[in-house]
Amino acid sequence: MVILGVRIEFYEKVGDVGEPSQNMLGALYRDHGFRAAGVPGVGELFSLTSLRVGPREHYVGVDFTGHGPFLPVRAVEHYPTPMDDEGNPPSWWDRSAEPSANVVLHTTMTDDPILRRKMLARFAAPDSGWVGLFPQPGVQLTELDRLWWELRDAGSGTSPDIDPGA
């Protein structure tokens, strides 16, 4: 078994695997949040049921790009743990004592504000372990960033107009 982290990057337009995607809108990530049988390679499919998006019929705001309830892996970032001569992490090491890898997934984000809110609410729940980053060059706080922090600060990850079971 291996420990994986996942970063979901949202773009206005997603390119094919091996091609760049255009106009990044932001990302969600969770380091060390998953255990897997192995590290998937670039182009292999990653199941969204392992993420916090809920049942397939509730995958609001996520573009499957023709792969069913999967997204292809766009990159794999490896985080080996350095060790001293005795096999222990050195004192300066400030990450996990276990090596890990992050898989990077690309998708689009819906333009529908209600669906976007529902999708982000699933990840913003305080117990989710997910972190949201929605910066845009030259802009202090984007609409997606404001929405993320509104949902995160709500304490429950939802607002009164969202059914958490939906």
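The values are calculated or read from the model by the stated rules, or taken from the named source; none is laboratory data. A quick note: this is a predicted structure, and the numbers were derived from the prediction, not measured. Positions of Cβ are generated from backbone atoms using ideal geometry, with glycine treated the same way; all protein chains shown enter the neighbour counts. With ligands, DNA and RNA removed, areas are computed over all heavy atoms of the protein, side chains included. Shrake-Rupley method; radii C 1.70, N 1.55, O 1.52, S 1.80 Å.
Could you tell me which residue of region 120-140 is modelled with the highest pLDDT, considering only residues that are assigned to a loop (DSSP other than H, G, I, E, B) and touching an Asp or Glu at 6+ places or on another chain (Cβ under 9 Å)?
Start the filter on region 120-140 by keeping residues that are assigned to a loop (DSSP other than H, G, I, E, B), which leaves 125-130, 134-135, 137-138, 140.
Those left that are additionally touching an Asp or Glu at 6+ places or on another chain (Cβ under 9 Å): 129, 134-135.
Working: 129: 87, 134: 77, 135: 69.
Result: 129.
Filter region 51-100 down to the residues that are modelled with pLDDT of 80 or more, surrounded by fewer than 15 Cβ atoms within 10 Å (Cβ to Cβ) and small (Gly, Ala, Ser) and list them by number.
Result: 75, 87, 91.
Quick check, is residue 117 open to solvent by 30 Å² or more (accessible area, probe 1.4 Å) and modelled with pLDDT of 90 or more?
On the way: open to solvent by 30 Å² or more (accessible area, probe 1.4 Å): yes; modelled with pLDDT of 90 or more: no.
No; evaluated as a whole, the condition is false for this residue.
Cβ contacts < 9 Å: first residue without any contact (Cβ under 8 Å) to a residue 24 or more places away in the chain, restricted to region 88-110; second residue open to solvent by less than 70 Å² (accessible area, probe 1.4 Å) and of a type in the set (A, V, I, L, M), any location; separation 6+ or different chain. Result?
Cβ pairs passing all conditions: 88/97; 89/97.
Do we find a residue being under 18 Å from residue 8 (Cβ atoms), in a loop (DSSP other than H, G, I, E, B) and touching a strand residue (DSSP E or B) at 6+ places or on another chain (Cβ under 9 Å) anywhere in region 101-113?
Taking every residue of region 101-113 in turn, at least one turns out to be under 18 Å from residue 8 (Cβ atoms), in a loop (DSSP other than H, G, I, E, B) and touching a strand residue (DSSP E or B) at 6+ places or on another chain (Cβ under 9 Å).
If you take the residues in region 1-40 that are loosely packed, with under 14 Cβ neighbours inside 10 Å and polar (S, T, N, Q), which one is nearest to residue 133 (Cα to Cα)?
Within region 1-40, the match that is nearest to residue 133 (Cα to Cα) is 23.
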